[in-house]
Amino acid sequence: MHQLGTLEDLPQEYRDQLTQQNLVPLWPNMRAVLPPRVPTRKTGTLCWDYQTIRPLLLEAGQLTPMEKAERRVLVLANPGHGLSNMQATPSIYMGLQLILPGETAPNHRHTPNAVRIIVEGEGAFTTVDGEPCRMERGDLILTPAGKWHEHHHEGEGPIVWLDVLDLPLIYQLEGSWAMEGQPQVPSLARDKSFADYSAAGVVPNINFERDTQTAPMLRYPWQKTRACLVEMATHYAEGLLRISYVNPENGKSLFPSIGFGAIMLRPGEVISLPRRTTPCIFHVVEGQGSLSVDQGTALQWVEKDTLSAPGYSDITFSNTNSEAPAFLITADESPLHQYLGIY
Ligand SMILES: [Fe+2]
């Protein structure tokens, strides 16, 4: 590809006239927005080490009362995107949220879609449109765009979860807003939607009717997912052992923007993921190992750590424990890439 003209090649007077008219010459910028073959990627390869972050998060609990924070969150920001832009990937926001015993995060709803992955603690629940959902380690709790949600913590000790939202995407679309509401009065039994869908391949059909709402199942318990992966491992001796989290009514991804999944690394396994266009984040539910991207320096990870890797890259995971499997929950932009025809 030959070199194109630069801004400096143009007379200053001409450039000033363009600026005055809100015009920009394309050719000096064209290679930057349409680079040859591989896109420019701001998403770095990172590991957010939970044991380092945890004391800082607990300190936030002392420094900032709930009424001053509403959502007491430390955002896992990818420096390549600019820390203050709060992006883990172009479309994904991630943050570790802390709730102390007896605290409540007030009822609200917003346009971005959200999933929370429970990191530690017991005794909390999120009420989503009237349904209280239990929150246990590794569970996914969904609050799709527009659904009311509030969090309560009745257990002892802190509860921490990882929020995963499509906030950067919705913000860029100038569609991000939130509203507060009155405290919810639960109108459904606890984990009602999970009970409805607790057997794979079976969906509720009350009065012969199928559910058509965007997220009919709100809680995806980790123990079910883990048991499924362990059972699958007895049937697949090789290949990437992975499940996708889907809407049980239609098999589609949980959200149109972010796709969620879980990976099991067999004891001692070293595996390269198929190359994909989408950047990806990984939350370690169990185990220990390393991640290397494009044969770069291996990042070590343990339980509760969270990692990110750019798209268009070679991602290799190693489970450094030869005795036990490791489990990671993944989130990526694959549904969006598929919709846009760039996957
Ligand atoms: Fe929220």
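The values are calculated or read from the model by the stated rules, or taken from the named source; none is laboratory data. Not measured: the values here are computed from a predicted model. Cβ sites come from the backbone with ideal geometry, for glycine too, and all protein chains shown count toward neighbours. Areas reflect the complete protein model, heavy atoms only, side chains present, ligands, DNA and RNA absent. Shrake-Rupley method; radii C 1.70, N 1.55, O 1.52, S 1.80 Å.
Of (1) open to solvent by less than 50 Å² (accessible area, probe 1.4 Å); (2) farther than 24 Å from ILE281 by Cα, GLU154 satisfies all except one. Which?
Only one criterion in (1) open to solvent by less than 50 Å² (accessible area, probe 1.4 Å); (2) farther than 24 Å from ILE281 by Cα is unmet by GLU154, namely (1).
Could you please tell me which pairs satisfy a Cβ distance under 6 Å, a separation of 6+ or placement on different chains, a first residue in region 78-91 that is crowded, with 16+ Cβ neighbours inside 10 Å, and a second residue that is part of a helix (DSSP H, G or I)?
If the second residue must be part of a helix (DSSP H, G or I), the pairs left are GLN87/HIS81; GLN87/PRO168; SER91/PRO168; SER91/LEU169.
Within region 65-77, is there a residue that is over 20 Å from GLU180 (Cα atoms) and outside any loop (DSSP other than H, G, I, E, B)?
The answer is yes, given that some residue of region 65-77 is over 20 Å from GLU180 (Cα atoms) and outside any loop (DSSP other than H, G, I, E, B).
Kindly list the number of the only condition in (1) open to solvent by 40 Å² or more (accessible area, probe 1.4 Å); (2) touching a Gly at 6+ places or on another chain (Cβ under 9 Å) that fails for ALA262.
Against the list (1) open to solvent by 40 Å² or more (accessible area, probe 1.4 Å); (2) touching a Gly at 6+ places or on another chain (Cβ under 9 Å), ALA262 comes up short only on (1).
From THR316, THR330, which residue is part of a strand (DSSP E or B) and either of a type in the set (Gly, Ala, Ser) or open to solvent by less than 10 Å² (accessible area, probe 1.4 Å) (or both)?
Answer to the check: THR330.
Which residues, counting only those in region 154-211, are within 16 Å of the ligand (Cβ to nearest atom), part of a loop (DSSP other than H, G, I, E, B) and more than 23 Å from the chain's Cα centre (by Cα)? Give the derivation first.
Here is the first cut: in region 154-211, the ones within 16 Å of the ligand (Cβ to nearest atom) are 159-171, 175-184.
Still in the running and part of a loop (DSSP other than H, G, I, E, B): 166, 175-177, 181-184.
Matches in region 154-211: GLY181, GLN182, PRO183, GLN184.
Out of everything in region 94-147 that is within 13 Å of the ligand (Cβ to nearest atom) and touching a helix residue (DSSP H, G or I) at 6+ places or on another chain (Cβ under 6 Å), what residue ends up being nearest to TRP222 (Cα to Cα)?
My answer is PRO112.
Which of the residues spanning region 43-70 are over 17 Å from the mean Cα position of the chain (by Cα) and not hydrophobic (A, V, I, L, M, F, W, C)?
Hits for region 43-70 are GLN51, THR52, ARG54, PRO55, GLU59, GLY61, GLN62, THR64, PRO65, GLU67, LYS68, GLU70.
Where the second residue is open to solvent by 60 Å² or more (accessible area, probe 1.4 Å) and at pLDDT 95 or above and the first is farther than 16 Å from ARG31 by Cβ and lies in region 5-21, which pairs have Cβ atoms under 7 Å and are six or more apart or on separate chains?
LEU18/VAL24
Open to solvent by less than 10 Å² (accessible area, probe 1.4 Å), within 21 Å of ILE53 (Cα to Cα) and assigned to a strand (DSSP E or B) - does that describe any residue in region 286-298? Spell out the reasoning first.
Applying the first criterion (open to solvent by less than 10 Å² (accessible area, probe 1.4 Å)) to region 286-298 yields 289, 291.
Within this subset, residues satisfying the condition of being within 21 Å of ILE53 (Cα to Cα) are 289, 291.
Pick out the ones that are also assigned to a strand (DSSP E or B) and you get 289, 291.
Yes, there is a match, as at least one residue in region 286-298 is open to solvent by less than 10 Å² (accessible area, probe 1.4 Å), within 21 Å of ILE53 (Cα to Cα) and assigned to a strand (DSSP E or B).
Give me the pairs: first residue in region 249-270 and on the phi > 0 side of the Ramachandran plot, second residue among the acidic types (Asp, Glu) and not in a strand (DSSP E or B), beta-carbon distance under 9 Å, and six or more apart or on different chains, which are they?
GLY268/GLU323
Being in contact with a helix residue (DSSP H, G or I) (Cβ under 9 Å, 6 or more places away or on another chain), open to solvent by 50 Å² or more (accessible area, probe 1.4 Å) and under 22 Å from HIS149 (Cα atoms) is the filter here, so list the residues in region 199-216 that pass it.
Within region 199-216, just ASP211 meets the criteria.
Does region 33-45 contain any residue that is surrounded by 13 or more Cβ atoms within 10 Å (Cβ to Cβ) and not in a loop (DSSP other than H, G, I, E, B)?
No, the conditions are met nowhere in region 33-45.
Of everything in region 50-71, what is open to solvent by less than 60 Å² (accessible area, probe 1.4 Å) and either under 28 Å from GLN288 (Cβ atoms) or within 16 Å of the ligand (Cβ to nearest atom) (or both)? Give them in sequence order.
Those that are open to solvent by less than 60 Å² (accessible area, probe 1.4 Å) and either under 28 Å from GLN288 (Cβ atoms) or within 16 Å of the ligand (Cβ to nearest atom) (or both): TYR50, ILE53, LEU57, LEU58, ALA60, GLY61, MET66, ALA69.
If ALA262 passes every condition in (1) within 16 Å of the ligand (Cβ to nearest atom); (2) small (Gly, Ala, Ser); (3) assigned to a strand (DSSP E or B) but one, which one does it miss?
(1)
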